[in-house]
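Here is the structure we will look at.
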Amino acid sequence: MELRGKAHCFGDDVNTDYIISGKYKFKTLDMKELAKHVMEDLDPDFARRVQPGDFVVAGRNFGCGSSREQAPLALLNAGVGAVLAQSFARIFYRNAINTGLPVVICDTSLIESGDELLVDLEKGLLQNLTKGIEVPIKPLPSVMLKILSDGGLAEHFRKYGTFHLE
Amino acid sequence: MGKTIAEKILSNKSGKNAYANDIVVADVDFRMGQDGTSPLAIRAFEAMNGKGVYDPESAAFVIDHSAPSPLEGVSALHALMRQFSKENNMLIYDIGDGVCHQLIPEKGHVGPGSLVIGADSHTCTYGALNAFATGVGSTDLAAALISGKMWFKVPETIKFVCHGTLPAGVYSKDLILYLISQVTADGATYMAAEYTGEAIQALSVEARFTISNMAVEMGAKVGLMEADDKVMEWVQAHSNHKFEPVSSDPDAEYAAIKEYDVSQLDPYIAKPHRVDNGVPVGEVAGTPIQQAVIGTCTNGRLEDLTIAAQILKGRKVHPDVRLIVAPASRQIYLDAMETGALKTLVEAGAAVVTPGCGPCVGTHNGIPSDGENVISTANRNFKGRMANNKAFIYLASPATVAASAVKGEITDPREFI
């Protein structure tokens, strides 16, 4: 899977309240509606600026906080192609894979907002086309790769009726 | 090779001889979802072509985050949960029953050695009962409702040994805020935390829940404790199930062992907007506050309400402060009525809201205004957490919140003890 887009940079410890605030997420299952408010408390213009396929780029512990799956779903519905971070909080990481949002662990320290990036999940490589730099990405555990390649956990269950991972 | 509690429980439930970093598919003893996560789980269940809930008596929905419903949209999602649970013969705890992380232990659904998943990040609370309990998302919950199973990466364990005796006026909340400030918000990410040592053993089971509840605030998957006599007594008083306590082996392998002497610990405060931004109360004493909150899955238990009532007895909430109290469950509400703690709080000027999450997550029950400072017994102080990104949230123990509510500014509770 090859992904291409522009970087939108954020800092460390971006929590799920910042990705989508609790004041919105309890009201609706309409993810397009939630997507209008994605990252609002950190960057009120983000939802308007983000283009389909763009990347959210962050530091450590992206997605810490609550278990709300509305967080990866709001990012997906805002058009975000993948999240790149130094590390992820574990529930967000699982939820992202389960819902089909690619999450990439790599060194993000040299990426700046606006950089054009190319991510190859199979090759495990991130190319920063703007800066001409290549960075290796940490491979997904095989279980998660299986779920992601099935199109998420719902598709996996639709196909097998239960966990079919071993 | 010896095993940690996490390795033993996941071995027992998967039928494998599992160690840290192994992947297992394990049988889950109890599954839970709340009103912020269950509606999406129902959608995922439908997308998976789910035909029914596996062993529906070991699965529950809890309506606690927006309860009673403050909005039409929320009401529709609550109706969806009620309909699904009825069709599938699942348990449902509706408005006024309480917050999920009080109800699941209180109703006897979890105990030593249990494996529990909940679609709420603070599911780690039940680790205080020696259960491997962890938060998941809605799609994982749907998969577990259908299959009764879940996949896990067996976590490494980081052990926190707390020596000494907590001083008077210093509580389990202060201890966990201190530990989180020491290891930071991702200090235990992907790992199991084990909390042990004489300072933990000296705590009541209620006080221990506060510590395990906040394990996720250091990134941990679970916040485990040993099942001592206090735990066994507590569980026997709440459940008819048979539970097998699980202990770590002496030669179990740990990612790290961290030792602390807590005998000199001060009351602790997490400053805005990070849970790991903890300082001794003295550093922020005198900060004016406009709202004080006692409750939530962290600190809404009888012991918490009693400690607050002892400070507020014969005193009044400061005229510039709103004090909001949310008992963690209907039973606690009744117990606090019985003991008089609730009467004391109400006489002092508290506004008591429905048992449940209260104002913690910004859905209702006390949204702060721009520029206001809130002192709360909750577990998160992120910007915007209480639905206003221009408010400031300080986290503290029930004693510190009560003392601060009286003086109208952040206050060391030892002034009142």
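Name the single residue, out of those in the stretch B:377-394 being part of a strand (DSSP E or B) and within 14 Å of chain A (Cβ to nearest Cβ), that is farthest from B:Leu177 (Cα to Cα).
Filtering the stretch B:377-394 down to residues part of a strand (DSSP E or B) leaves B:392-394.
Next, only the ones that are within 14 Å of chain A (Cβ to nearest Cβ) stay: B:392-393.
Details: B:Phe392: 17, B:Ile393: 14 Å.
Filtering the stretch B:377-394 for residues that are part of a strand (DSSP E or B) and within 14 Å of chain A (Cβ to nearest Cβ), the one farthest from B:Leu177 (Cα to Cα) comes out as B:Phe392.
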Practice prompt. Go through the stretch B:59-82 and count every residue that is without any contact (Cβ under 8 Å) to a residue 60 or more places away in the chain, crowded, with 19+ Cβ neighbours inside 10 Å and farther than 21 Å from B:Val352 by Cβ.
Written response: 5
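Looking at A:Val104, A:Val119, which is the one that is closer than 21 Å to B:Ala188 by Cα and away from chain B (no Cβ under 14 Å)? Quick ask: steps written out before the conclusion?
On the way: A:Val119 fails: closer than 21 Å to B:Ala188 by Cα.
Every option except A:Val104 fails the conditions.
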Worksheet item: Going by the conditions given, is B:Asn89 modelled with pLDDT of 95 or more, under 21 Å from B:Leu145 (Cβ atoms) and either out of contact with any His (no Cβ under 6 Å at 6 or more places or on another chain) or within 14 Å of another protein chain (Cβ to nearest Cβ) (or both)?
Response: yes
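Report those helices (runs of 4 or more DSSP H) wholly inside the stretch B:194-283 carrying at least 1 residues which are basic (Lys, Arg) and over 18 Å from B:Asn299 (Cβ atoms).
On the way: elements: B:198-201, B:205-213, B:229-238.
Of the helices (runs of 4 or more DSSP H) lying wholly inside the stretch B:194-283, those with at least 1 residues that are basic (Lys, Arg) and over 18 Å from B:Asn299 (Cβ atoms) span B:229-238.
Test B:Gly33 against the stated conditions and say whether it is assigned to a loop (DSSP other than H, G, I, E, B) and assigned by TED's automatic domain parsing to the domain that holds B:Ser248. So that I can check it myself, show each step before the final result.
On the way: assigned to a loop (DSSP other than H, G, I, E, B): no; assigned by TED's automatic domain parsing to the domain that holds B:Ser248: yes.
No; evaluated as a whole, the condition is false for this residue.
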Discussion item. It is to be established whether one or more residues within the stretch B:358-375 are closer than 21 Å to B:His101 by Cα and not in a loop (DSSP other than H, G, I, E, B).
Written reply: no
Item to complete: Considering only residues that are at the interface with chain B (Cβ under 7 Å from one of its Cβ atoms) and crowded, with 17+ Cβ neighbours inside 10 Å, look in the stretch A:153-166 and name the one that is nearest to the chain's Cα centre (by Cα).
Response: A:Leu153
Fill in: Options B:Ala227, B:Ala220; residue that is at pLDDT 95 or above and crowded, with 24+ Cβ neighbours inside 10 Å
B:Ala220
Response to the item:
Restricted to the stretch A:17-70 and to residues being charged (D, E, K, R), within 29 Å of B:Ser69 (Cα to Cα) and outside any loop (DSSP other than H, G, I, E, B), the residue farthest from the chain's Cα centre (by Cα) is A:Lys23
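Kindly establish whether A:Asp54 is over 13 Å from A:Thr16 (Cα atoms), buried (at least 21 other Cβ atoms within 10 Å of the Cβ) and either free of Cβ contacts under 8 Å to residues at least 24 places away in the same chain or touching a Gly at 6+ places or on another chain (Cβ under 9 Å) (or both).
Working: over 13 Å from A:Thr16 (Cα atoms): yes; buried (at least 21 other Cβ atoms within 10 Å of the Cβ): yes; either free of Cβ contacts under 8 Å to residues at least 24 places away in the same chain or touching a Gly at 6+ places or on another chain (Cβ under 9 Å) (or both): yes.
Yes.
Would you mention how many residues in the stretch A:32-78 are of a type in the set (S, T, N, Q) and within 11 Å of chain B (Cβ to nearest Cβ)?
Initial filter on the stretch A:32-78 (of a type in the set (S, T, N, Q)): A:51, A:61, A:66-67, A:70, A:77.
In the following step, the residues that additionally are within 11 Å of chain B (Cβ to nearest Cβ) were identified as A:61, A:66-67, A:70.
Within the stretch A:32-78, residues that are of a type in the set (S, T, N, Q) and within 11 Å of chain B (Cβ to nearest Cβ) number 4.
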Worksheet item: Which ones in the stretch B:83-94 are closer than 22 Å to B:Thr296 by Cα and surrounded by 21 or more Cβ atoms within 10 Å (Cβ to Cβ)?
Response: B:Tyr93
Item to complete: Please work out which one of (1) surrounded by 24 or more Cβ atoms within 10 Å (Cβ to Cβ); (2) under 9 Å from the mean Cα position of the chain (by Cα); (3) away from chain B (no Cβ under 11 Å) is the condition A:Gly81 fails and give its number.
Response: (1)
Worksheet item: Restricting the stretch B:27-53 to residues that are farther than 18 Å from A:Arg68 by Cα and more than 10 Å from every other protein chain (Cβ to nearest Cβ), which is surrounded by the most Cβ atoms within 10 Å (Cβ to Cβ)?
Response: B:Phe30
Worksheet item: Out of the stretch A:99-136, which residues are among the hydrophobic types (A, V, I, L, M, F, W, C) and buried (at least 18 other Cβ atoms within 10 Å of the Cβ)?
Response: A:Leu101, A:Val103, A:Val104, A:Cys106, A:Ile111, A:Leu117, A:Val119, A:Leu121, A:Leu126, A:Val135
Response to the item:
Considering residues that are facing chain A (nearest Cβ under 9 Å), of a type in the set (A, V, I, L, M) and surrounded by 24 or more Cβ atoms within 10 Å (Cβ to Cβ), the number found within the stretch B:358-376 is 1
Practice prompt. Take A:Ser113 and decide whether it is touching a His at 6+ places or on another chain (Cβ under 7 Å) and of a type in the set (S, T, N, Q).
Written response: yes
Discussion item. Suppose the filter is touching a helix residue (DSSP H, G or I) at 6+ places or on another chain (Cβ under 9 Å), at pLDDT 95 or above, within 11 Å of chain A (Cβ to nearest Cβ) and at negative phi; does B:Ser66 pass it?
Written reply: yes
Worksheet item: Are any residues in the stretch A:132-143 more than 9 Å from chain B (Cβ to nearest Cβ) and under 17 Å from A:Phe88 (Cα atoms), and if so, which ones?
Response: A:Pro136, A:Ile137, A:Lys138, A:Pro139, A:Leu140
Worksheet entry | Qualifying position, being within 21 Å of B:Thr123 (Cβ to Cβ) and among the basic types (Lys, Arg), among A:Lys25, A:Lys6, A:Lys36, A:Lys32 | A:Lys25
Item to complete: Considering each residue of the stretch B:1-13, count those that are surrounded by fewer than 21 Cβ atoms within 10 Å (Cβ to Cβ) and assigned to a helix (DSSP H, G or I), and give that number.
Response: 3
Fill in: Yes/no for B:Thr184 being surrounded by fewer than 23 Cβ atoms within 10 Å (Cβ to Cβ), of a type in the set (S, T, N, Q) and within 14 Å of chain A (Cβ to nearest Cβ)
yes
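The values are calculated or read from the model by the stated rules, or taken from the named source; none is laboratory data. Since this is a predicted model, take the numbers as computed values, not measurements. Positions of Cβ are generated from backbone atoms using ideal geometry, with glycine treated the same way; all protein chains shown enter the neighbour counts.
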